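What follows draws every value from the coordinates through simple rules; no lab data is involved. Values in this document were obtained by computation on a predicted structure and should not be read as measured data. Positions of Cβ are backbone-derived with ideal geometry, glycine not excepted, and every protein chain shown enters the neighbour counts.
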Amino acid sequence: MEISKKQLARMMDYTLVKPDATREDIEKLCRQAQKHGFGCVAVNSTYVSLAAELLKETEVKVCSTIGFPFGATLPEVKALEARKTVEKGAKEIDMVINLGALKSGDYEAVRRDIEMVVDVKRSFADIIVKVIIETGYLLDKEKVVACEIAKEAGADFVKTSTGLMGGATVEDVQLMRKTVGKDMGVKAAGGIRTLEDALAMIQAGANRIGTSAAVAMIEEFPR
């Protein structure tokens, strides 16, 4: 697999979603993202305004978490959070699926939950919605169903995990890519700490990498 350093950087969602992240932490995140040419920074919704202001003259996008980290939030609340963060400058949304509904077999509730967030795209152009299915909690058949529902609901990506409750595996990325096909995005996130990890996920079918170790990976890149 041939990929350039610049291409890899553009595939990176440089992530800082720790609950104790400070303003100074976010400022550092944004400086590093601009320096290395990362495609996106991913932050919790409370820091979207700050990140958007810091990155407004750059090509780095701001991604906001929605319903993070458990996904056990009312669909109307997720939709409002998504809309508010887009109004504050987010260009991408990483929403956590309603895991309880999925595990209960209430697929209509799962679909409605995603659709209400995806609906923000009706009012704002070029918004990307990624659906975190939290693979560590799911059987393979449930992962397939979650991916199918996310695709049918109009999401742009499916994403492995929040990183707080298990991480990405090559096998999960392969399954997700097989399920959604070539026209939908697959984001690998959770436990991706090295350049080798990232390249393995891309080889498996991921076209976006979410990691807090993006700087170390890019600095490790040989060319």
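How would you rank 82-88, 31-37, 139-145, highest first, on the average number of other Cβ atoms within 10 Å across their residues? Please list the in-between numbers first.
On the way: 82-88: 20.0, 31-37: 17.3, 139-145: 14.7.
Order by mean packing, descending: 82-88, 31-37, 139-145.
Find the percent of Cα-Cα distances in the stretch 1-98 that exceed 17 Å, and round it to a whole number.
For the stretch 1-98, the fraction of Cα-Cα distances above 17 Å is 49 percent.
What order, most packed first, do the peptides 8-15, 129-136 have when packing is the mean number of other Cβ atoms within 10 Å of each residue? Kindly include the intermediate steps, with their values, before the conclusion.
Working: 8-15: 22.9, 129-136: 25.5.
With the highest mean Cβ count within 10 Å placed first, the list reads 129-136, 8-15.
Whole-Hz ³J(HN,Hα) for each residue in the stretch 53-67, computed from phi via Karplus 6.51 cos²θ - 1.76 cosθ + 1.60 with θ = phi - 60°, x for glycine and proline: what do you get?
5, 5, 10, 5, 9, 10, 8, 7, 8, 10, 10, 10, 6, 9, x
What order do you get for 66-77, 99-110 when each peptide is scored by the mean count of other beta carbon atoms within 10 Å, highest first?
Values: 66-77: 17.5, 99-110: 16.0.
Order by mean packing, descending: 66-77, 99-110.
How large is the charge dipole for the chain, taken about the Cα centre, if only the Cβ atoms of Lys, Arg (+1) and Asp, Glu (-1) carry charge, to the nearest 20 debye?
The dipole of the chain has a size of about 380 debye.
Which value, in debye to the nearest 20, gives the size of the charge dipole of the stretch 64-185 about its Cα centre, when Lys and Arg are +1 and Asp and Glu are -1 at the Cβ?
200 debye
Just to check I understand the Karplus step: with θ = phi - 60° and J = 6.51 cos²θ - 1.76 cosθ + 1.60, what whole-Hz values come out for the stretch 162-178, glycine and proline as x?
Result, ordered by residue: 6, x, 9, 9, x, x, 7, 10, 4, 5, 5, 4, 4, 5, 5, 4, 4 Hz.
Tell me, what does the Kirkwood hydrodynamic radius of the stretch 5-220 come to in angstroms if you use every pair of distinct C-alpha atoms? Could the numbers behind the result be given before it?
Details: mean 1/r = 0.0595 Å⁻¹.
So the Kirkwood estimate lands at 16.8 Å.
For the stretch 147-223 and the stretch 120-137, what is the separation of their C-alpha centers, rounded to whole Å?
14 Å
Computed over the Cα atoms of the stretch 113-217, what is the convex hull's projected area averaged over all directions, in nm²?
6.6 nm²
Under the classification rounded if a/c is under 1.5, otherwise prolate if a/b is larger than b/c and oblate if not, where does the stretch 117-166 fall, given a ≥ b ≥ c as square roots of the Cα gyration tensor eigenvalues?
On the way: a/c = 3.72, a/b = 1.81, b/c = 2.05.
Since a/c reaches 1.5 but b/c is at least a/b, the shape of the stretch 117-166 is classed as oblate.
Under unit Cβ charges (Lys, Arg +1; Asp, Glu -1), what dipole magnitude, rounded to 20 debye, does the stretch 33-113 have relative to its Cα centre?
60 debye
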